[in-house]
Amino acid sequence: MNRHRIGAEYLPDNAGCTVSTVQYLTTPPGRELLETVEHFSAAAPMNVACIARLRRRWPAQYIHAAAIVCECHRRAAAEAGKFPPSPANPQRFWAVPEALQQATSRAVAAHKATRFAAAMPGQLILDACCGIGGDSLGLADAGPVVAVEADSLRAWLARRNALATPTRHAINVIQADIRHAPLQLSSIAGFHIDPARRSHGRRSFRYEDMFPGPSTIEMLIWHIPNGAIKLSPATDFSHLPPGHLELIGENRVTVQAVLWTGKIAATLGPAARTATLLTNNSPPWSITGQPETITRLSPPADWIYEVDGAVIRGGLGPELMRHIGCTAVTIDGGYITSAELLIHPALTAFRVRHVMPYLERSLRRWLAENKIHTPATSACLEIKTRGGLGLDTDALQRRFKNFGPWTILIYRAANGIAVAITERYVATSSLQVPHSTLLAHPPGYEALTDSP
């Protein structure tokens with residue numbers, strides 16, 4: 001629930017849509033308008049001529065709402081979208097842009113629902129500040145859901161999405177401010193809340209600046225001990241209530257943090273934090289431990305790995321390195337290294353070809369002397385940095401674009417800024433490696449190029 005602050009309240013950005021204009025799209029003439037807009041926008045964005053044709057039959061406010069709803073559905077239902085359709089649920093997903101951006105994806109919501117199901121299967125769950133219902137749709141597979149949203153349009157969208165989506169349990173959407181909602185808290189077994197993260201119109205990462213504020217969140221914890229507080233991964237974790245913190249990554253992007261409380265936190269064990277990685281067509285992978293800092297660095301060996309951001313943000317890099325036998329290259333644990341190639345869901349592997357102190361002229365000289373002649377389409381050089389170096393990687397890539405398909409890793413090492421020239425690991429076989437498996441030199445490995 002992302003809101004702009006006006007006085008003591010927050011108003012959402014609904015892109016000029018209202019309940020009446022969006023609700024019109026469910027009527028027969030409104031459905032015809034939606035179909036027409038989808039037809040016009042299928043090949044290209046609507047132009048002035050298309051809009052003029054639509055204006056002959058429909059008022060401008062309905063055309064605007066149809067364009068917004070169609071575009072959001074297209075983004076939500078894309079292959080990499082948050083709510084791709086399935087044979088069991090081919091229905092339209094209803095949203096406005098800001099709400100879709102803030103919504104929890106189907107995959108992440110389903111993962112969180114498993115936490116509720118393990119601790120309190122089939123029991124009533126409150127989804128506070130539910131937005132357009134992304135989390136509610138997942139939670140309803142764990143138990144019946146009462147979803148509360150203050151904004152009238154977003155509550156309407158949540159209700160529409162709940163009606164169109166098959167779930168194991170019912171979802172009841174209520175439009176109300178969670179601070180004053182008419183709820184019987186004693187009947188609710190668990191809660192999920194997605195507080196706004198803006199203060200005075202600017203994004204804030206302080207727990208104290210969330211809306212509803214700490215008093216409302218802690219009231220929910222007091223009355224409903226089993227719960228989840230959805231947070232930005234950038235939140236300052238130092239002032240949160242007691243609980244178990246989980247960082248969730250989806251397809252190599254750290255998408256959210258969740259503070260679990262009560263029985264749900266207990267199911268995750270006595271350690272303070274978990275990092276969970278969700279990847280398309282693969283089972284979830286998690287690591288749990290105490291957050292630690294890294295005190296010892298090593299130079300890169302034959303292989304260097306970029307560690308998934310959820311593991312790093314959770315402070316679980318040292319825990320991961322103990323599990324897999326690697327050592328740290330950077331102080332944040334974002335780059336780690338080993339002598340043998342390891343296949344692991346938290347790692348992106350690069351084969352090291354050369355390491356040296358970072359000087360642009362020295363890097364240019366090495367690249368020129370070891371230039372790989374490849375078709376232009378595959379000669380894209382990639383540059384990645386760690387350690388707050390302040391380098392313009394886009395400008396560097398433009399200057400080095402003709403030197404071949406290397407991946408250049410520039411990082412802050414123990415004795416200064418270093419650069420590793422590497423080749424990104426590419427698996428050429430269809431071998432499916434279980435997440436619990438580590439392979440040294442797996443079948444089907446093939447470097448991008450021959451060794452220079």
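The values are calculated or read from the model by the stated rules, or taken from the named source; none is laboratory data. The structure displayed is predicted, hence computed values, not measured ones. Using ideal geometry, Cβ is built from the backbone for each residue, glycine included, and neighbour counts are taken over all protein chains shown.
For the range 43-68, a tally of residues being surrounded by 20 or more Cβ atoms within 10 Å (Cβ to Cβ), in contact (Cβ under 8 Å) with a residue 40 or more places away in the chain and within 30 Å of the chain's Cα centre (by Cα) returns 3.
Listed by position, the helices (runs of 4 or more DSSP H) enclosed by the range 70-166 that each have at least 1 residues that are of a type in the set (Gly, Ala, Ser) and within 16 Å of the chain's Cα centre (by Cα) are 97-102, 106-119, 134-139. Before we move on, is Leu220 of a type in the set (A, V, I, L, M) and assigned to a strand (DSSP E or B)? No, not satisfied.
Entry remark, the range 174-188: residues being part of a helix (DSSP H, G or I) and among the β-branched types (Val, Ile, Thr) number 0 in total. When Arg203 is tested against (1) of a type in the set (Lys, Arg); (2) under 19 Å from Ala103 (Cα atoms); (3) at pLDDT 95 or above, only condition (3) is not met. Among residues of the range 232-283 being assigned to a loop (DSSP other than H, G, I, E, B) and among the small types (Gly, Ala, Ser), the one that is surrounded by the fewest Cβ atoms within 10 Å (Cβ to Cβ) is Gly269.
Residues checked against (1) in contact with a Gly (Cβ under 8 Å, 6 or more places away or on another chain); (2) not small (Gly, Ala, Ser):
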| residue | (1), (2) |
| --- | --- |
| His64 | yes, yes |
| Ser86 | no, no |
| Arg92 | no, yes |
| Ala109 | yes, no |
| Leu124 | yes, yes |
| Ala147 | yes, no |
| Ala170 | no, no |
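Each residue in the range 329-353 was checked for being part of a strand (DSSP E or B) and under 25 Å from the mean Cα position of the chain (by Cα), and 6 of them qualify. In the condition set (1) surrounded by fewer than 19 Cβ atoms within 10 Å (Cβ to Cβ); (2) closer than 15 Å to Arg296 by Cα; (3) not basic (Lys, Arg), Glu369 is compliant with all but (2). Summed over the range 12-42, the residues that are in a loop (DSSP other than H, G, I, E, B) and over 29 Å from the mean Cα position of the chain (by Cα) give a count of 1. Screening Ala110, Ala99 for residues that are of a type outside the set (Val, Ile, Thr), surrounded by fewer than 20 Cβ atoms within 10 Å (Cβ to Cβ) and at pLDDT 95 or above leaves exactly one candidate, Ala110.
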